[in-house]
């Protein structure tokens, strides 16, 4: 793995211990990491398709995230483009309930708040 990719057992942002949960939080806390995982949950996408779905992500940032997520075993590049690995799909299964929760949260906010749909 590249040295800048958060890896369990090595110090990461916010933790010198390198505990696996801290490495995961560091990886997922990077710009667009969760957005890329969310978009790939629907199936394989080319680089340009991921970029279009993530709207404002720059090609440089997207390239970095895809490399990190691939290096971490969550994303793979297949014949149809980038796709979640089994580990990536397992992680998305844990994250998916946040989508419904966030929509309920947005719906309950005062009307002065902008509300987008998933």
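No lab work stands behind these numbers, since they all come straight from the coordinates. Since we're looking at a predicted model, the values are computed, not measured. Heads up, the Cβs are rebuilt from the backbone with ideal geometry, glycines too, and the neighbour counts pull from every protein chain shown.
Extending each Cα 7 Å along its Cβ direction at residue 47 and residue 86, get the distance between those two points in nm, one decimal.
With each label placed 7 Å out from Cα toward Cβ, I get 2.9 nm.
Give me the one-decimal nm value for the distance between modelled label points at residue 105 and residue 4, 7 Å along each residue's Cα-to-Cβ direction.
Calculated label separation equals 2.9 nm.
Given the convex hull of the Cα atoms of the chain, what is a quarter of its surface area in nm²?
Directional mean of the projected Cα hull area for the chain stands at 8.4 nm².
Residues in the range 27-48, backbone N under 11 Å from the label point at residue 96 (7 Å along the Cα-to-beta-carbon vector): list them, ranges by number please.
Only 41-42 pass the distance filter.
Taking the Cα centre of each part, how many Å lie between the range 17-56 and the range 76-98?
After rounding, the separation between the Cα centres reads 9 Å.
What percent do you get for the relative contact order of the chain when only Cα pairs under 8 Å and 6+ apart count?
20 percent
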